[in-house]
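> Could you have a look at this structure, given as structure tokens, before my questions?
The values are calculated or read from the model by the stated rules, or taken from the named source; none is laboratory data. Everything numeric here is computed off the predicted structure, so don't read it as measured data. Backbone-built Cβ (ideal geometry, glycine too); neighbour counts: all protein chains shown. Note: accessible area is taken over every heavy atom of the protein model, side chains too, but ligands, DNA and RNA are not part of it. Shrake-Rupley method; radii C 1.70, N 1.55, O 1.52, S 1.80 Å.
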Amino acid sequence: NRIEQDRLMSHINTLVGFHTRHVNSTSQSLTRGVGAAANYISDTFKQIQAQSGGKFITFEQPFTASYNGIASQQRNIIGYIQGTSAEAGIIVVGAHYDSRTDDLTDATSFAPGADDNGSGVSAILEMARVLSTSPMRATIVFVLFAAEEVGRQGSKAFVQDYILVHNLPVIGMINLDTIGSNNDARGNINDRDLRLFSAPPNESRSRQFARTLNFIAYYHKLDLNLAMQNEIDREGRYGDHESFEEKGFPSSRLIESLEDTPKREGRDTIDGVEPAYLLKSTRTIMGILYALGGGPVPPKNIVLRDVGNGNSALVWEAVPDAGRYVVGLRRPNSLIFDQYFTVIDPNSGAMATVNWQIYEAVAVAAVDSRGVVGRFSEEYRIAR
């Protein structure tokens, strides 16, 4: 409830006001171009840091981008909330702040980028503000990437020169890219869903991470449903999550339910953003972040144990701060957990009455005393 719709729209309005955020636009002006946008994002993070009592830290990662024969100095803007448990790992949530017009080589024409991707940037800034005073088990890293529109150069630099160099234990990355509109060019409206993309196959770590996001939104009755997709992105399109996937980190992309493609590039103005839908998108994503960061770590060593009479019991190592567990069951080829049940025993789980053979896989998540569900374990594949 602390997410403010007016703040979200104010951030987008400011970004649109820089005329263009093309990677080859000016970096020297205070009021125009990609440099002005980077300054605005950096200044906003610094304000959050100043008000956080030392809980939110921000810095920049400079890198050299190259596009259309031009080399330029770009900046990824980063902020993080240090987690209280090293075992809980790091969650990265990111969005790109550069924009483009119809001609990708045109660095001077109007490229407002309100929905793509001012919406994702505004959500990051607002979530960072709200969460900045609430340290959680996991470390939450917020990243605003430059140069996404020209080959994901910013996110590639972040993964290669920061994540890998420092050997950071990233357990998942969520890419927010175009999350502010609920209609398409034909007038259809879907204000109930966000689409959730992750890399196949269905047993991949990214797909399992996406299943966790989908389940958290369902379990905690968040504003929007996450509609699971069977691909890493829309056909012929890409996003910054792919830079993480390429290096073996679980990743996913969230994007609005429908696409109004005629209102993109130079026509992507703020009147194409639905404030109420953007609010629900941001609230949903922040609820997921809070559960991922604040919920318990997943159980380990899950196994089906034969208990006789043709029955098997699912058991696992207890999670110290778990009040109960949820067991997710997935049927063959299903993208999501088709069923779940709750185990009250705080020490370990045992269910011998389930017909395990109708399912392809099972995973377990711990729930703490506040009722917050953490991320799911790796799937245990059921022998068939």
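> Heads up, I need the accessible area for K263: 1.4 angstrom probe, whole protein in place, Å², nearest 10.
Only protein atoms counted, so the area is about 90 Å².
> For the chain, what does the accessible surface come to per residue with a 1.4 Å probe? Please give it in Å².
40
> Can you put T31, T269, T178 in order of accessible area, largest first, using a 1.4 Å probe?
Reading off the accessible areas and sorting them downward yields T31, T269, T178.
> A further question follows. Pairs of Cα atoms under 8 Å, at least six residues apart: use those to get the relative contact order of the stretch 191-316, whole percent.
Result for the stretch 191-316 is 27 percent.
> In addition: Quick one: Debye curve from the C-alpha atoms of the stretch 230-323, no solvent, what's log10 I(q)/I(0) at q = 0.15, 0.19 Å⁻¹?
Those come out to -0.91, -1.13, one per q.
> Additional query: With a 10 Å cut-off between alpha carbons and a GNM built on the chain, which of A65, A210, A313 moves the most?
Residue with maximal mean-square fluctuation among A65, A210, A313: A313.
> Measure nothing fancy, just the Cα-based angle from helix 120-131's long axis to the longest principal axis of the chain, in degrees from 0 to 90, nearest 10.
Between helix and principal axis, roughly 60 degrees.
> Quick one: compute a quarter of the convex hull surface over the Cα atoms of the stretch 1-154 and quote it in nm².
Directional mean of the projected Cα hull area for the stretch 1-154 stands at 9.0 nm².
> Take every DSSP beta bridge whose two residues both sit in the stretch 50-155, then give the antiparallel share in percent to the nearest 5.
Roughly 70 percent of the DSSP beta bridges within the stretch 50-155 come out antiparallel.
> Something else: Provide the packing ranking of 113-122, 366-375, 226-235, i.e. peptides ordered by the mean count of other C-beta atoms within 10 Å per residue, highest first.
113-122, 366-375, 226-235
> Top to bottom by accessible area (1.4 Å), largest first, where do H166, H241, H19 land?
The most accessible residue leads, giving H166, H19, H241.
> To test your reading of the geometry: what angle, between 0 and 90 degrees and rounded to tens, separates the Cα axis of helix 205-219 from the longest principal axis of the chain?
Around 80 degrees separate the two axes.
> Another one. How would K247, K280 rank on accessible area, largest to smallest, probe 1.4 Å?
K247, K280
> By the gyration tensor of its Cα atoms, with a ≥ b ≥ c the square roots of the eigenvalues, what is the shape of the stretch 121-227: rounded for a/c under 1.5, prolate for a/b over b/c, or oblate?
Verdict is rounded for the stretch 121-227.
> How much of the accessible area of the stretch 156-243, probe 1.4 Å, is carbon plus sulfur, in whole percent?
Heavy-atom surface of the stretch 156-243 belonging to carbon and sulfur, 1.4 Å probe: 46 percent.
> Continuing with this model, one more query. What Kirkwood Rh does the chain have if only Cα atoms enter the pairwise 1/r average? Answer in Å.
Mean inverse Cα-Cα distance, inverted, gives 21.3 Å.
> Explain nothing, just the number: relative contact order of the stretch 245-384, from Cα pairs under 8 Å at least 6 residues apart, as a whole percent.
Relative contact order, the stretch 245-384: 24 percent.
> How high is the relative contact order of the chain? Use alpha-carbon pairs under 8 Å, at least six apart in sequence, and give a whole percent.
16
> Can you give the % of DSSP beta bridges in the chain that are antiparallel, to the nearest 5?
So the antiparallel bridges in the chain amount to around 70 percent.
> I want the local charge near E360. Using Cβ-Cβ distances under 15 Å, sum +1 for each Lys or Arg and -1 for each Asp or Glu among the other residues.
After counting each charged neighbour, the total is +2.
> Moving on to the next point. On the protein heavy atoms, probe 1.4 angstrom, tell me the percent of accessible surface of the stretch 310-376 carried by carbon and sulfur.
49
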